[in-house]
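J.: Questions regarding the structure given below will be posed in turn.
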Amino acid sequence: MNFVEARLAKLASNGDRNAFAELVELYKDKIFHLAYRMLNNKQEAEDAVQETFLRVYTNLHRYDENQKFSTWIFRIGTNLCIDKLRRRKMTYSLDAEMTDGEGNDYYAMLPSDEDTPEKQLIVSETQAQIHRAIETLPEKYKSVVILRYLHDMSLQEISDVLEMPVTTIKTRVHRGREYLRKRLEQEEQVVSTNPVRI
């Protein structure tokens, strides 16, 4: 696959629009998934996908064929999302628009052995809890946790994408996981001390 992608990138950098269209088709959903999980906003994620492919197109001449294309494009997409998160943080004090919760489909539903509505509700609530916890992760942990656990990237791949040593990635994955564990435990304590009455 890497050879095919490298060939498409080379053709696209020489002006072949069909080759670039194939690259877009291969990666548009993956980049959207990454951006949506990092930004938690459908419109911003769609914008990030557009900007990612614009950057890819304008920088195809910089692509190193010895490197995996997926690593290169994920690096561009991740860095773009991090930039957007930083800009978003700077505007909070200026009454920035709050996330309105659009896209209640935070994660694809986990497969269930039982098709009962109660089981589906529990899974949905658990995914919502995990999503809320991921949203609160500090920026430096958020990207590594998303790449590791939601995109199933290896530590080496994350290292390549973020251009950081593997040891730093390991540390951030561990600290991010610890942060999530504590956050979910706190949320569980709040729920157990304030039961919902029907």
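The values are calculated or read from the model by the stated rules, or taken from the named source; none is laboratory data. What you are looking at is a predicted structure, and each value in this text was computed from that prediction instead of being measured. Note that we place each Cβ from the backbone using ideal geometry, even for glycine, and neighbour counts take in every protein chain shown.
J.: Picking from L80, L60, which residue would you name as being surrounded by 17 or more Cβ atoms within 10 Å (Cβ to Cβ) and within 18 Å of E25 (Cβ to Cβ)?
T.: Within the list L80, L60, the selection yields L60.
J.: Please tell me if I146 is modelled with pLDDT under 90, surrounded by 17 or more Cβ atoms within 10 Å (Cβ to Cβ) and not in a loop (DSSP other than H, G, I, E, B).
T.: yes
J.: Does region 104-121 contain at least one residue that is farther than 24 Å from Y149 by Cα and either in a helix (DSSP H, G or I) or at pLDDT 90 or above (or both)?
T.: Yes, region 104-121 contains a residue that is farther than 24 Å from Y149 by Cα and either in a helix (DSSP H, G or I) or at pLDDT 90 or above (or both).
J.: Continuing with the same structure: Being buried (at least 17 other Cβ atoms within 10 Å of the Cβ) and among the aliphatic types (A, V, I, L, M) is the filter; apply it to region 1-23 and report the residue that is farthest from C81 (Cα to Cα).
T.: L11
For (1) assigned to a helix (DSSP H, G or I); (2) in contact (Cβ under 8 Å) with a residue 24 or more places away in the chain; (3) outside the structural domain of V144 (by the TED database), each residue gets a yes or a no:
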site	(1), (2), (3)
R7	yes, no, yes
F20	yes, yes, yes
E25	yes, no, yes
A35	yes, yes, yes
T52	yes, yes, yes
E65	no, yes, yes
